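The values are calculated or read from the model by the stated rules, or taken from the named source; none is laboratory data. Note that the coordinates shown come from a computational prediction; the quantities given were computed from them, not determined experimentally. Cβ coordinates were reconstructed from backbone atoms using ideal geometry, including for glycine residues, and neighbour counts include every protein chain displayed. Calculation scope for accessible area: heavy atoms of the full protein, side chains included, ligands and nucleic acids excluded. Shrake-Rupley method; radii C 1.70, N 1.55, O 1.52, S 1.80 Å.
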Amino acid sequence: MESYQFLSPRKIVVKTGGLASAGTLAKELGSKALVCVGGSSSRKNGSLDRLMQSLRQAGVGTVLYEGIRSDPDVETVEKGRALCGESGCDMVVGMGGGSVLDTAKSIGLLAANGGKLTDYETARPGKPMLPMLAVPTTAGTGSEVTKMAVVTDPARKKKMLISCEEILPDIALLDAELTYSMPARVAAATGMDALTHAMEAYLSDNAGPVTDLFARKAVGMIAANLHAAVYNPKNAEAKKNMMAAQMYAGLAFGNTMTCLVHSMSRPLGVYYGIPHGEANAVLLAAVMEFNLPSCVSRMADMAEAMGLSGEGEWGLAEALTAHLHKMHALLPLRHSLAEMHVRREDLRPMAESAFAAGTTKVNPRKPTVEDIVSLYEKLL
Ligand SMILES: [Fe+2]
């Protein structure tokens, strides 16, 4: 790579218990915030109250947009945009998992630029989105540090990927305490999503020296902490490490894009509503086995980052794929496409959709549609 650039939010705050600083940080960005949150869990665990209190104490006005579900669609974004416009908000605060953060980014984009979200699937917006504070509650999608948002367009049966610098959040606030109450299944799925981000960033044709630093570090930290964080939510050290690692993974893939695992997981979400992280988790080891011959040395690097041993680069790369199978098997997730009730007749249209995705073009091994069908079949 002869030249490269690296994008990140202008400020990343990592602080266990840092939710109390949300108001002070938001004050840097505006005076009235559209606060975007998900279902009832942030009310039940008290984090929504703490966020609103912090904003009020700092003198930031608030308008609440609640009930954003996972896999948000264009309608969810449109409703939020209308509320944002009617109430005169000049910034957005998103607190939640990737779906909430992606929705908040999309609302901020439309509030600043007008038009429809589908316009920005291909065209670049003229202005940055409204200033945004992003507070993740899973570990995670890395959405708080990326220039990407995934929103479903039901009319086209498609998960749209909006990717542009104009939706990079201004400030990311990472408070690992917010992940303590995450159910084990969500911790497992989002953690495997983060591992997939790190690995795909490292193997992408777009990988560069800075993203490599973050990706390798994230791979090692996730392998060392994921299972402890899933099975012992009171393990503050593991939770803190997972929160940081998923952010590193976000900084890496946010600059490189992801690869074939993500191309193949998106259709599983659209056709069957399989959660994004769980879909990546079921695909990861098999797709890495497929990739192996094209990138042995890079796979060996990642095996070393995980502390694995093997004879030579091939031995290390094979140790890596074996370890991925083991990591997945020990998580409270579904372990085959059959368990997810995926039907054989959908494999080809899903493979065609995965083949057409931009993320497939930067995968280290270039698959055919037949290759992708075979990979899905192997996991049935
Ligand atoms: Fe992902």
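How high is the relative contact order of region 11-179? Use alpha-carbon pairs under 8 Å, at least six apart in sequence, and give a whole percent. Walk me through the intermediate numbers first.
On the way: 378 pairs, mean separation 46.8, N = 169.
Computed value for region 11-179: 28 percent relative contact order.
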Accessible area of residue 341 in the full protein assembly, 1.4 Å probe (Å², nearest 10): 140
Beta bridges per DSSP with both ends in the chain, % antiparallel, nearest 5: 20
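Hey, can you find the accessible area per residue of region 11-179 for me, probe 1.4 Å, expressed in square angstrom? Don't jump to the answer; show the numbers that get you there.
On the way: 6380 Å² over 169 residues.
Each residue of region 11-179 exposes 38 Å² on average to a 1.4 Å probe.
For residue 123 and residue 28, what does the FRET efficiency come to when R0 = 30 Å and r is the distance between their Cβ atoms, rounded to the nearest 0.05?
Details: r = 30 Å, r/R0 = 0.99.
Rounded to the nearest 0.05, the efficiency is 0.50.
Longer than 28 Å from Cα to Cα, which of 116/239; 11/32; 127/366; 147/378 are they? Say none if no pair is.
Working: 116/239 38 Å; 11/32 20 Å; 127/366 35 Å; 147/378 33 Å.
Cα-Cα > 28 Å for 116/239; 127/366; 147/378; rest within.
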For region 190-224 versus region 45-117, the gap between their alpha-carbon centres in whole angstrom: 29
Added length on full extension, which subtracts the Cα-Cα distance from 0.36 nm per residue, residue 297 to residue 66: 78.5 nm
Peptide ranges 97-109, 170-182 listed from the most packed, as the mean C-beta count within 10 angstrom indicates: 97-109, 170-182
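Once you keep just the Cα pairs under 8 angstrom separated by 6 or more residues, what percentage relative contact order results for region 1-73? Don't jump to the answer; show the numbers that get you there.
On the way: 72 pairs, mean separation 28.4, N = 73.
With pairs under 8 Å counted, the relative contact order is 39 percent.
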Relative contact order computed over the chain (Cα-Cα under 8 Å; 6+ residues apart), in percent: 15
³J(HN,Hα), Karplus 6.51/-1.76/1.60, whole Hz, each residue of region 283-291, x for Gly, Pro: 8, 3, 5, 5, 5, 5, 5, 5, 6
Region 11-179 - percent of accessible surface contributed by carbon and sulfur, probe 1.4 Å: 49
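Find how much the distance from residue 235 to residue 377 grows on full extension, using 0.36 nm per residue of separation minus their present alpha carbon separation; answer in nm with one decimal. Write down the numbers at each step before the final one.
Numbers: separation 142, 0.36 × 142 = 51.12 nm, distance 3.78 nm.
Using 0.36 nm per residue and subtracting the Cα-Cα distance, I get 47.3 nm.
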Residue-wise HN-Hα coupling along region 138-143, computed from phi with Karplus coefficients 6.51, -1.76, 1.60 (Hz; x: Gly, Pro): 10, 9, x, 7, x, 4
Tensor-based shape of the chain (alpha-carbon gyration tensor, a/c under 1.5 rounded, otherwise prolate or oblate): prolate
Cross-link pairs beyond the 32 Å C-alpha cut-off, checked among 158/240; 79/234; 105/240: 158/240; 79/234
